[in-house]
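Only one structure is covered here, and it is reproduced in the block below.
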Amino acid sequence: MADAVSVRAHAKVNLFLGVGERRADGFHELSTVFQAVSLHDDVTVTAGSDEVTVAGLDAERVPADPTNLAARAARAVAEHVGCETELGVHIDKGIPTAGGMAGGSADAAGALVAADRLLDAGLGEAELLEMAAELGSDVPFTLRGGTALGTGRGEKLVPVLARGTFHWVFAISARGLSTPEVFAKLDELRAAGKAPGPRTDATAVLSAVAAGDARALAEAMHNDLEAAAFSLRPDLRRLREAAREAGALRAMLSGSGPTMAFLCASGADAEAVADELTGANLCRAAFVAEGPRPGVVGLDW
Ligand code: C5P
């Protein structure tokens, strides 16, 4: 058995996020299109120690203890195969810890794959996806990557055809935003008749992605959670306006926010938008990325 296995796990953006009814289990029924993007974390699982360490971007914001979702994922694999070896996890962060990009979910997906390989557990994709769904709604997608349609609470996935490369900027907010709070705010706004009902038709997004057409995608992108997030954080609207002026094709809340995603026509446009947003002091940081990317990939095999 190797002493350590390292993998790379990618962040995600939702190109379409339709939010339906709150279910009896507290989760909302989703109709979403995910895309994995180039921002990534490297996750190493080691045998013989249960230490959790985090380095790199925003490392101080990530729990370096057994509660870390990646540590829980590694333990889940060991328990699944009845292995008593202690597993340590090291995460080298490149995904901003900001909310809306599934960084923690990507780490968990990476730890599942690395632990499976390290322990020679031989778990199939179906088993890994099932364990991923238990860890969090976004973990199955961050495991698979690419571009996919997600239903249920986001864990039921169907891959979709994507052509070409899409250019993104992600603007990171100085303050966080709680995911349950954003979902609850949407329920509240809808109950008061202040937010429209769920959008479920992602056809225009799927066609744009299949054609590799950034302008069509910019028109079609949609996120039902925007009304709720903007109501909780009106400052995000200013960021949206600034990015439009700086030449982004479209600005939209990433997932449940507060990270904002900006779709651009080219890598050069994305660099210019990121510079403008950083210079205008409207966000904590802005990162350029490309999609789609795979989910979790091995680094040493
Ligand atoms: O699955 P995950 O732990 O990422 O979800 C975090 C929270 O986001 C949930 O506890 C729930 O409040 C909200 N959520 C939801 N509906 C979903 C996904 C998440 O209400 N489909």
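I need the phi-derived Karplus couplings for segment 36-52: 6.51 cos²θ - 1.76 cosθ + 1.60, θ = phi - 60°, integer Hz, Gly and Pro marked x.
7, 10, 6, 4, 8, 10, 9, 10, 10, 10, 10, 9, x, 8, 9, 5, 10
What list of ³J(HN,Hα) values in whole Hz, one per residue of segment 117-134 in order, does the Karplus curve 6.51 cos²θ - 1.76 cosθ + 1.60 (θ = phi - 60°) give from phi, with Gly and Pro shown as x?
Running phi through 6.51 cos²θ - 1.76 cosθ + 1.60 with θ = phi - 60° gives 5, 4, 8, 6, 6, x, 6, x, 4, 4, 5, 5, 5, 5, 5, 4, 5, 5 Hz.
Take Ala24, project a point 7 Å from its Cα along the Cβ direction, then tell me which residues of segment 132-173 have their backbone nitrogen under 19 Å from it.
Under cut-off, by backbone N: 152-154.
Where in segment 13-33 does the amide nitrogen come within less than 16 Å of the point 7 Å from the Cα of Ala184, taken along Cα to Cβ?
Those under the cut-off are 22-23, 25-28.
Between Ala285 and Ala268, what is the label-point separation in nm under the 7 Å Cα-to-beta-carbon projection?
In this crude spin-label approximation the distance works out to 2.7 nm.
Stick to Cα atoms and the Kirkwood definition of Rh, then tell me Rg/Rh for segment 213-256.
0.98
Could you compute how much accessible surface Ser178 exposes when probed at 1.4 Å, giving the result in Å² to the nearest 10?
Surface accessible to solvent at Ser178 totals approximately 50 Å².
Taking every pair of alpha-carbon atoms in segment 4-160, what share in percent sits in each 10 Å bin, from 0 to the bin with the longest distance?
Bins of 10 Å from zero give 12, 42, 33, 12, 0 percent of pairs.
Taking segment 150-289, how much of its Cα-Cα pair set, in percent, is spaced more than 24 angstrom apart?
34 percent
Going by amide H atoms built from the backbone, whose H comes under 5 Å of the H on Thr85, apart from near neighbours?
Amide H neighbours of Thr85, under 5 Å, 5+ apart: none.
Heavy-atom accessible area of Lys194 with all protein chains present, probe 1.4 Å, nearest 10 Å²?
150 Å²
Any chance you could count the Lys pairs in the chain whose alpha carbons are under 28 Å apart, treating pairs 8 or more apart or on different chains as valid?
6
How far is helix 267-279 tilted off the main Cα axis of the chain, in degrees rounded to 10, range 0 to 90?
Tilt of helix 267-279: around 80 degrees.
Please compute, for the alpha-carbon atoms of the chain, the extent along each of the three principal axes and give them in descending order in Å.
Projected onto the principal axes, the Cα atoms of the chain cover 54, 43, 36 Å.
Please list the non-local residues whose amide H lies under 5 Å from the amide H of Val54, H modeled 1.01 Å from N, same-chain partners needing a gap of 5 or more.
Those qualifying (amide H under 5 Å, at least 5 residues apart or on another chain) are Ile91.
Leu249: accessible area at probe 1.4 Å, nearest 10 Å²?
50 Å²
Arrange the residues Leu161, Leu239 by how much accessible surface each exposes, largest first, with a 1.4 angstrom probe.
If we order Leu161, Leu239 from most to least accessible, we get Leu161, Leu239.
Quick check: pseudo-label points 7 Å beyond the Cα along Cα→Cβ at Glu245 and Glu130, how many nm apart are they?
So the label points at Glu245 and Glu130 sit 5.4 nm apart.
Suppose only helical runs count, i.e. DSSP H with n ≥ 4. What mean residue ellipticity at 222 nm does that imply for the chain under -39500 (n - 2.57) per run, divided by all residues and rounded to the nearest 500 deg cm²/dmol?
Counting only the DSSP helices, I get -10500 deg cm²/dmol.
Report the label-to-label distance for Ala2 and Thr67 in nanometres (one decimal), using points 7 Å from each Cα along the Cα→Cβ vector.
Reported label-point gap for Ala2 and Thr67 is 3.1 nm.
Which order do the peptides 272-278, 123-129 come out in when sorted by mean C-beta neighbours inside 10 angstrom, highest first?
By packing density, highest mean first, the sequence is 272-278, 123-129.
Take the alpha carbon atoms of segment 100-143, find their center, do the same for segment 203-253, and report the distance between the two centers in whole angstrom.
Between the Cα centres of segment 100-143 and segment 203-253 lies a distance of 28 Å.
The values are calculated or read from the model by the stated rules, or taken from the named source; none is laboratory data. Since the structure is predicted, the reported quantities are computational estimates derived from the model, not experimental observations. Please note: Cβ atoms are built from the backbone with ideal geometry, for glycine as well, and neighbour counts cover all protein chains shown. Just the protein is used for accessible areas: all its heavy atoms, side chains included, with ligands, DNA and RNA removed. Shrake-Rupley method; radii C 1.70, N 1.55, O 1.52, S 1.80 Å.
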